[in-house]
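Just so you know, all these numbers are worked out from the coordinates, no wet-lab data involved. Model, not experiment: these values are computed from the prediction. Glycine gets a Cβ as well: all are built from the backbone with ideal geometry, and neighbour counts include every protein chain shown.
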Amino acid sequence: MAVYILNQTFLYMRKLNLIAIVGLVFIGTSAFAQEAAFGLKGGLNLSEIKIDDPEASYNSKTGYHAGIFVRSKFNKVAIQPELLLYTQRGDFSGPGYSGNEDFTYLTIPLMVKFYPVMGLNFQVGPQFGFLLDGERTTNALGTTIKRDIKDQYESNDFAVSAGAGYDFPFGLSLDARYNIGVKDINNAANGDEAKSRVFLISIGWNFLN
């Protein structure tokens, strides 16, 4: 019990440290930025977990994301940290069974945006994720079983995110991204390698416009 409490405390401290770093990055860069932005964003996810399991098939499923962003722009380059809550879902099936898995993550993307013309931008950056909840529903032989699977997956994830978007001059922004998980998040003993894949479509609003 004591070890569990220490692990949870360490995880929460790491989350707070990352959030604090994001805040310091924004404060430090916005002082020299030509344009600063702060706003809300949200949208839909199409996500799946790529698992090396020859006996089962896995399919994408729609979820959602929502959170805040800050942006410091310098001429044609901007730094945009974000804090997002999003769901990651997927269906699976195999011989005599089927089901779905649902996860909730707190993520911190740190995006660098390049503006070749007007509000059009291309963006790339790392994303840090923290698993908040995980549940699996399995249907087999006419029986439905639900169970918590949070402990079967790593408490944190790391992905590379890339995409494109458009920031309108009146405050609206549109983004499309693809996140490629580079870390094996399967924490089960003798488990198959599992990596996340998420496609996001977002709409946002800048309150500082």
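Which of GLU154, GLU101 comes first, and how do the rest follow, when ranked by fewest Cβ neighbours within 10 Å? Intermediate values should be presented prior to the final figure.
Working: GLU154 15, GLU101 22.
The order, fewest Cβ neighbours first, is GLU154, GLU101.
Per-residue counts of other Cβ atoms within 10 Å, averaged by peptide: what ranking do you get for 166-175, 69-78, 137-146, highest first? Don't skip to the answer; put the middle values down first.
Numbers: 166-175: 15.9, 69-78: 17.9, 137-146: 10.7.
The most tightly packed comes first, giving 69-78, 166-175, 137-146.
Within the set LYS61/LYS113; LYS61/LYS150; LYS61/LYS195; LYS50/LYS76, which residue pairs have Cα atoms separated by over 25 Å?
Details: LYS61/LYS113 28 Å; LYS61/LYS150 19 Å; LYS61/LYS195 15 Å; LYS50/LYS76 36 Å.
Listed pairs above 25 Å: LYS61/LYS113; LYS50/LYS76.
Sort LEU110, LEU120 so that the residue with the fewest other Cβ atoms within 10 Å of its own Cβ comes first and the one with the most comes last. Intermediate results must be reported in sequence, preceding the final value.
Values: LEU110 17, LEU120 12.
In increasing order of surrounding Cβ atoms, one gets LEU120, LEU110.
So which aspartates and glutamates pass the test for LYS73, namely a Cα distance under 13 Å, with those fewer than 8 places away in the same chain ruled out?
Within the straight-line cut-off, LYS73 pairs with GLU35, ASP167.
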